[in-house]
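Peer 1: One structure coming up, written as structure tokens, with questions to follow.
The values are calculated or read from the model by the stated rules, or taken from the named source; none is laboratory data. Quantities reported herein were computed from a predicted structural model and do not represent experimental measurements. Here Cβ is always computed from backbone atoms with ideal geometry, including for glycine, and neighbour counts include all displayed protein chains.
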Amino acid sequence: MYNIPVEDVRNFVLAGHSGTGKTALTDALAFKLGINDRLGSSANGSSVSDYTEEEKNRKISIFSATFNAQYDAKNGKKYNLFFTDTPGFMDFYGQMRSASRVADAGLLMIDASGGVEVGTRRAWKCFGQTGLASRMIAVTGLDKDNTDFLKTVEALRAALGSECSPIAFPTEDGKSIVDVFSDDIPEAFKAAADEAREQLMERAAESSDELTEKFLMGEALTDEEVSSGLRQAGRDGGFIPIIPVYPLSGVGVDFLLESVVRYMSSPAERERTDADDNVIESSPDAPFAGLVWRSVSDSFVGQMSYVRVLAGTLKVDAEIENSRTGKDKVSSLLVPCGRKHNNIDVATPGDIVAIPKLKATKVNDTLFTPGNTLRARPVKFPEPVMFAAVTAETQADEDKLGPALQRVVEQDPTLRTERNTETHETVLMGMGDVHLDVAVRLMKQMSNVSVKLNTPRIAYRETVTAKGEGHHRHKKQSGGRGQYGEVYLTVEKLMEGDEEWYVDETVGGSIPGNYIPAIEKGLVERMQNGAVAGYPVVDIKVRVYDGSYHDVDSSEIAFKIAGSTALRVGLSNAKPVLLEPIMNVRIFTPDAFMGAVTGDLNHKRGRVLGYESEEDMQVIVADVPQAELFRYAAELRSITGGQASFEMKFARYEVVPSNVAQKVIAESPHKVRDAEE
């Protein structure tokens with residue numbers, strides 16, 4: 001594309017806390033680079049990044065938006081730039097994660113009026129987890145009251161590391177920014193600029209053994225040595241430039257672009273490894289390989305797969321292969337610019353392209369030249385933390401519900417859906433209430449399906465806490481051959497490590513061997529409908545020790561019914577209890593909210609297991625019943641003002657407290673069945 005070598009491609013992602021100006025800066029970059037003929041704005045719905053109706057209505061970024069442009073740098077070279085604006089709202093963190101995975105560098109956004117917020121740390125952590133060593137920081141919001149650039153720099157260095165260093169300072173009126181090496185540093189920043197220059201000299205010297213030796217010998221580094229040293233340090237992650245930017249006025253945008261091409265890694269300099277830990281050769285001459293990182297359903301084009309070219313060259317009409325779906329053909333190549341897509345003929349490493357109408361292609365698929373063995377590392381998406389039962393509003397909607405859910409899930413891998421066979425509900429899982437609400441609106445928009453979201457039912461279990469005797473004689477005579485079968489059994493708690501849940505202890509032919517399997521079938525059937533509230537029974541041991549039969553009237557069905565009913569009686573006599581799923585939860589919160597979060601956990605019957613620290617955030621580790629967590633994402637956001645987040649995973653089942661169990665039993669949708677009915 002543009003016949004620009006891979007060494008002069010820059011692919012970076014904009015990320016940070018919600019409201020730090022990512023979209024405003026994206027609009028400023030698009031205007032400066034000629035992508036848009038005017039400066040867009042989220043406030044009036046003209047942003048090139050937040051262009052969907054959902055984003056316009058909510059005034060937040062929901063989807064990542066990728067742009068491409070050619071940049072004529074001051075050094076006379078032409079650069080091919082790809083940059084992706086990502087949402088800062090926690091519910092759409094998966095968009096940031098996937099965009100960072102296919103970028104070569106990260107631009108962290110921070111608002112001087114907000115400081116280092118939870119979203120700042122989340123984005124920084126995301127950069128590290130996706131391997132973005134090459135990073136820069138843009139400070140916005142300096143035109144707001146009570147903001148201080150130097151205090152923001154200090155906060156960044158304290159939170160993110162001493163590698164962060166300012167390379168420009170704002171003027172007092174905010175109408176320009178001044179390079180740290182300039183002689184025109186504003187008086188208020190001269191002392192800070194002197195300190196910053198000394199730090200930059202050290203960073204430059206550390207970039208190579210030759211410069212380190214020269215620096216330690218007390219020799220002054222030349223301007224060219226400082227420049228080249230900082231370029232190397234920036235691409236290795238040893239130097240993280242901090243730049244003040246005023247997106248709405250465009251001040252600092254030129255300086256930012258120059259810094260991008262100077263300090264950010266190119267695809268040739270960013271080492272990537274495949275799924276087998278082999279280094280990927282990021283050369284246009286290598287066999288083609290690309291990672292599908294996003295999938296979008298376009299109303300005009302249909303399904304479009306967004307691909308980051310990792311190696312080789314991709315051309316229109318080329319034959320490619322997907323290890324999961326087989327061979328396919330590239331009918332056209334499109335380069336994204338927000339809502340718009342421009343046709344191109346060739347894509348090389350570092351490029352992000354959209355390919356329409358690839359058959360059954362999904363996010364995390366690797367596309368490659370037939371015969372190529374390279375498989376890309378997949379994007380690791382966060383696990384869902386909010387759940388809702390989905391029901392169609394009409395019968396017509398019910399018929400279309402499955403395909404509609406599949407369509408939204410394919411576009412957003414942080415959305416999941418499953419059919420719970422126990423509760424007979426379809427459950428939609430996501431990152432928060434806003435996330436699920438957006439999914440519902442997209443289903444209506446794309447598939448014309450109207451649904452309702454409700455709190456899911458819990459998949460409770462039942463077990464026993466004592467030993468109980470069970471007996472039933474099944475005897476029916478209604479003319480002709482009758483039914484007869486009698487079973488005596490005991491039921492008790494299954495001990496840990498004991499894999500034999502069913503034991504036949506009958507002796508002397510009290511029950512013929514050919515009827516023993518029928519009894520087991522009756523037991524298995526009864527275990528699906530326990531004695532407390534009709535939930536499945538787990539962790540029990542059943543011993544059948546006696547019974548009787550009739551030479552003529554006994555049958556498999558008779559013994560199946562006898563075994564099932566005997567177990568029902570045995571369960572009732574073995575002090576049955578209700579079990580509920582317990583989730584292990586890790587809550588990341590600022591120290592100021594520790595008391596409020598811990599108190600809320602106590603109200604949710606949670607049990608705090610311990611406390612940890614992680615990157616200046618407090619981590620509360622707790623076990624909490626799943627029944628208390630379906631709306632916890634929204635509740636935690638309310639408690640902490642959006643400053644906290646959490647993750648959870650299933651831990652085990654535990655006995656439900658009696659006061660809670662009574663309510664569960666009263667509201668149970670199950671009916672305890674008698675197999676004879």
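Peer 1: Got at least one residue in the stretch 259-281 being of a type in the set (Ser, Thr, Tyr), outside any strand (DSSP E or B) and free of Cβ contacts under 8 Å to residues at least 60 places away in the same chain?
Peer 2: no
Peer 1: Scan the stretch 292-313 residue by residue and report those that are within 21 Å of ILE4 (Cβ to Cβ) and either in the same structural domain as PHE67 (by TED's automatic domain parsing) or in contact (Cβ under 8 Å) with a residue 40 or more places away in the chain (or both).
Peer 2: TYR306, VAL307, ARG308, VAL309, LEU310, ALA311, GLY312
Peer 1: Only residues that are surrounded by 12 or more Cβ atoms within 10 Å (Cβ to Cβ) and either part of a strand (DSSP E or B) or modelled with pLDDT of 95 or more (or both): list them for the stretch 319-329, please.
Peer 2: ILE320, GLU321, ASN322, ASP328, LYS329 - these are the residues of the stretch 319-329 that are surrounded by 12 or more Cβ atoms within 10 Å (Cβ to Cβ) and either part of a strand (DSSP E or B) or modelled with pLDDT of 95 or more (or both).
Peer 1: Does ASN448 count as farther than 29 Å from LYS380 by Cβ, touching a residue at least 40 places away in the same chain (Cβ under 8 Å) and under 23 Å from the mean Cα position of the chain (by Cα)? First the steps, then the outcome.
Peer 2: Values: farther than 29 Å from LYS380 by Cβ: yes; touching a residue at least 40 places away in the same chain (Cβ under 8 Å): yes; under 23 Å from the mean Cα position of the chain (by Cα): no.
Spelling it out, it is not the case that ASN448 is farther than 29 Å from LYS380 by Cβ, touching a residue at least 40 places away in the same chain (Cβ under 8 Å) and under 23 Å from the mean Cα position of the chain (by Cα).
Peer 1: Sticking with this structure for a sec: Any residue at all in the stretch 95-102 that's surrounded by fewer than 24 Cβ atoms within 10 Å (Cβ to Cβ) and part of a loop (DSSP other than H, G, I, E, B)?
Peer 2: no
Peer 1: Then there is this: Output the residue which, of all residues in the stretch 67-78 that are closer than 14 Å to GLY34 by Cβ and out of contact with any Cys (no Cβ under 8 Å at 6 or more places or on another chain), is surrounded by the most Cβ atoms within 10 Å (Cβ to Cβ).
Peer 2: TYR71
Peer 1: Could you grab me the full set of residues in the stretch 331-370 that are under 18 Å from ASP104 (Cα atoms) and more than 25 Å from the chain's Cα centre (by Cα)?
Peer 2: Hits for the stretch 331-370 are VAL335, ALA347, THR348, PRO349.
Peer 1: Do we find a residue being exposed (fewer than 14 other Cβ atoms within 10 Å of the Cβ), of a type outside the set (A, V, I, L, M, F, W, C) and assigned to a helix (DSSP H, G or I) anywhere in the stretch 52-61?
Peer 2: Within the stretch 52-61, one or more residues are exposed (fewer than 14 other Cβ atoms within 10 Å of the Cβ), of a type outside the set (A, V, I, L, M, F, W, C) and assigned to a helix (DSSP H, G or I).
Peer 1: Now, a different point. Condition check: crowded, with 16+ Cβ neighbours inside 10 Å and not small (Gly, Ala, Ser). Does VAL316 satisfy that?
Peer 2: In short, no.
Peer 1: Could I ask something else about it? Among the residues in the stretch 114-123, are any in contact with a Pro (Cβ under 8 Å, 6 or more places away or on another chain) and at pLDDT below 95? Working first, answer last.
Peer 2: Of all residues in the stretch 114-123, those in contact with a Pro (Cβ under 8 Å, 6 or more places away or on another chain) come to 118.
This time we only want the ones that are at pLDDT below 95, so: 118.
Yes: one or more hits.
Peer 1: Which count do you get for residues in the stretch 412-429 that are surrounded by 19 or more Cβ atoms within 10 Å (Cβ to Cβ) and in contact (Cβ under 8 Å) with a residue 60 or more places away in the chain?
Peer 2: Qualifying residue count, the stretch 412-429: 3.
Peer 1: For the stretch 249-256, does any single residue satisfy the condition of being touching a residue at least 24 places away in the same chain (Cβ under 8 Å), in contact with a Leu (Cβ under 8 Å, 6 or more places away or on another chain), in the same structural domain as SER182 (by TED's automatic domain parsing) and not in a helix (DSSP H, G or I)?
Peer 2: Yes, that holds for at least one residue.
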